[in-house]
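The values are calculated or read from the model by the stated rules, or taken from the named source; none is laboratory data. Since the model is a prediction, treat every value here as computed from it, not as a measurement. Using ideal geometry, Cβ is built from the backbone for each residue, glycine included, and neighbour counts are taken over all protein chains shown. We work out accessible area using only protein heavy atoms, side chains counted, and drop any ligands, DNA or RNA first. Shrake-Rupley method; radii C 1.70, N 1.55, O 1.52, S 1.80 Å.
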Amino acid sequence: MAGDPPDILLEPRLAQIGLLEFHRAEEAISEGERCVKRMRPVIEYTMENVARLFAKS
């Protein structure tokens, strides 16, 4: 990622859920949804700017 970093990096807060705790999937999915809601303004702003860049090409 260092050579081509992402435009947006979503980082849900999942430190309390272990890698093999599949029974906690619903909790992980809910946190993923909360993460997207927190980052929504950044996502929308980035998507608008990317669309403008492609429109100019």
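Identify all residues within the range 20-57 that are at pLDDT 95 or above, of a type in the set (A, V, I, L, M, F, W, C) and farther than 17 Å from residue 9 by Cβ; write none if there are none.
20, 22, 25, 28, 29
I'd like the full set of residues that are aliphatic (A, V, I, L, M) and either touching a strand residue (DSSP E or B) at 6+ places or on another chain (Cβ under 7 Å) or open to solvent by 100 Å² or more (accessible area, probe 1.4 Å) (or both), limited to the range 30-47.
47 - this is the single residue of the range 30-47 that is aliphatic (A, V, I, L, M) and either touching a strand residue (DSSP E or B) at 6+ places or on another chain (Cβ under 7 Å) or open to solvent by 100 Å² or more (accessible area, probe 1.4 Å) (or both).
State all residues of the range 5-29 that are part of a helix (DSSP H, G or I) and surrounded by 12 or more Cβ atoms within 10 Å (Cβ to Cβ); if no residue qualifies, say none.
Residues satisfying the conditions are 24, 27, 28.
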